[in-house]
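Trainee: Starting off with a structure, shown below.
The values are calculated or read from the model by the stated rules, or taken from the named source; none is laboratory data. Since the structure is predicted, the reported quantities are computational estimates derived from the model, not experimental observations. Here the Cβ is made from the backbone with ideal geometry for all residues, glycine too, and neighbour counts use every protein chain on show.
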């Protein structure tokens with residue numbers, strides 16, 4: 001029997017607030033130009049109040065992947081935690097508006113909705129101040145187990161593996177998906193996450209994860225080697241599929257059918273690399289949902305990544321499906 005969803009993502013639910021600012025504003029507000037700084041709730045409130053008019057969109061790594069999947073016709077859902085506040089309402093509306101099912105209730109207690117306050121200066125640099133808020137409190141009670149059971153793939157982001165309640169939610173989601181005949185996909189998210197949770201990530205990969213997403217730095221960190229080739233040999237056979245991205249060097253896809261090397265898709269000018277890995281995952285997951293060969297799924301991921309780095313923002317702006325159809329079909 002076919003399932004209602006192709007992919008359901010679980011991850012940090014973060015509102016992106018993007019506004020223009022000049023260097024003087026950054027200096028006044030003591031925002032580190034071009035960087036990302038974690039901030040607390042009071043700082044988030046004061047900076048948000050000081051910012052000029054902005055664009056508010058639902059974000060977070062897995063959520064951006066699910067938005068990319070929706071743009072490619074993938075039937076998807078997302079599970080994340082937001083509060084019953086103004087930004088929580090915005091998040092719920094926006095993620096649904098892009099075609100992703102979001103069934104979580106707005107949490108009535110705990111930290112406020114997470115937000116990433118992004119100030120864009122005239123030179124194009126993005127200076128980010130991030131309050132992780134309610135997203136860090138995701139637990140088993142936030143899971144829509146019916147949604148997970150009714151999905152072919154459950155996709156989870158490593159960023160959430162910091163808090164014990166989120167770990168328990170991940171493990172429960174894996175059990176629910178597996179019992180319903182679904183597959184588990186995990187993105188390692190960041191080399192820093194891998195450094196912190198290496199032993200636990202290795203345990204997940206050894207028998208609990210079917211599809212692994214990682215970039216070159218993350219896979220090398222996972223196996224504590226400076227050799228990409230050694231890291232590839234180490235991951236081979238541990239998961240059904242491993243999709244490893246290498247920026248301008250393309251990607252390597254390992255599966256039961258062998259190894260596929262995928263070239264990076266051409267891009268006229270790299271404007272903003274934010275979201276490249278998220279959109280590669282979206283394209284690749286769309287390929288899996290469509291039953292494509294691994295090499296074709298990898299090329300779909302490369303095209304989606306190339307599109308997103310050609311403009312500001314972590315989500316597609318062009319018709320990526322049309323780009324893929326022209327290049328892959």
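Trainee: Quickly run through region 117-157 and pick out the residues that are crowded, with 21+ Cβ neighbours inside 10 Å and at positive phi.
Mentor: 133
Trainee: Taking residue 107, is it modelled with pLDDT of 95 or more, under 18 Å from residue 139 (Cβ atoms) and touching a strand residue (DSSP E or B) at 6+ places or on another chain (Cβ under 7 Å)?
Mentor: Working: modelled with pLDDT of 95 or more: yes; under 18 Å from residue 139 (Cβ atoms): yes; touching a strand residue (DSSP E or B) at 6+ places or on another chain (Cβ under 7 Å): yes.
Answer is yes for this residue.
Trainee: I'm checking my understanding of the structure. Among residues of region 97-116 that are assigned to a strand (DSSP E or B) and under 18 Å from the mean Cα position of the chain (by Cα), which one is surrounded by the fewest Cβ atoms within 10 Å (Cβ to Cβ)? Spell out the reasoning first.
Mentor: Step one: filter region 97-116 for residues assigned to a strand (DSSP E or B), giving 101-102, 107, 114-116.
The next check asks that each one be under 18 Å from the mean Cα position of the chain (by Cα); those that pass are 101-102, 114-116.
Numbers: 101: 18, 102: 22, 114: 28, 115: 28, 116: 21.
Ranking the candidates gives 101 first.
Trainee: Might you check whether a residue that is touching a residue at least 24 places away in the same chain (Cβ under 8 Å), assigned to a loop (DSSP other than H, G, I, E, B) and in contact with a helix residue (DSSP H, G or I) (Cβ under 9 Å, 6 or more places away or on another chain) occurs anywhere in region 147-160?
Mentor: So far as region 147-160 goes, no, none of its residues is touching a residue at least 24 places away in the same chain (Cβ under 8 Å), assigned to a loop (DSSP other than H, G, I, E, B) and in contact with a helix residue (DSSP H, G or I) (Cβ under 9 Å, 6 or more places away or on another chain).
Trainee: Residue 25 fails exactly one of the following numbered conditions: (1) under 17 Å from residue 124 (Cα atoms); (2) not in a helix (DSSP H, G or I). What is the number of that condition?
Mentor: (2)
Trainee: Further question on the same structure: Among the candidates 52, 35, single out the residue that is surrounded by fewer than 17 Cβ atoms within 10 Å (Cβ to Cβ), closer than 26 Å to residue 83 by Cβ and modelled with pLDDT under 95. Working first, answer last.
Mentor: Details: 35 fails: closer than 26 Å to residue 83 by Cβ.
Criteria check complete, one pass: 52.
Trainee: I've got another one for you. Considering only region 74-87, state which residues are within 20 Å of the chain's Cα centre (by Cα) and at pLDDT below 95.
Mentor: Start the filter on region 74-87 by keeping residues that are within 20 Å of the chain's Cα centre (by Cα), which leaves 74-82, 87.
Once the filter is applied, which keeps residues that are within 20 Å of the chain's Cα centre (by Cα) and at pLDDT below 95, region 74-87 yields only 87.
Trainee: Of the residues in region 205-251, how many are out of contact with any helix residue (DSSP H, G or I) (no Cβ under 7 Å at 6 or more places or on another chain) and not in a strand (DSSP E or B)?
Mentor: Number of matching residues: 18.
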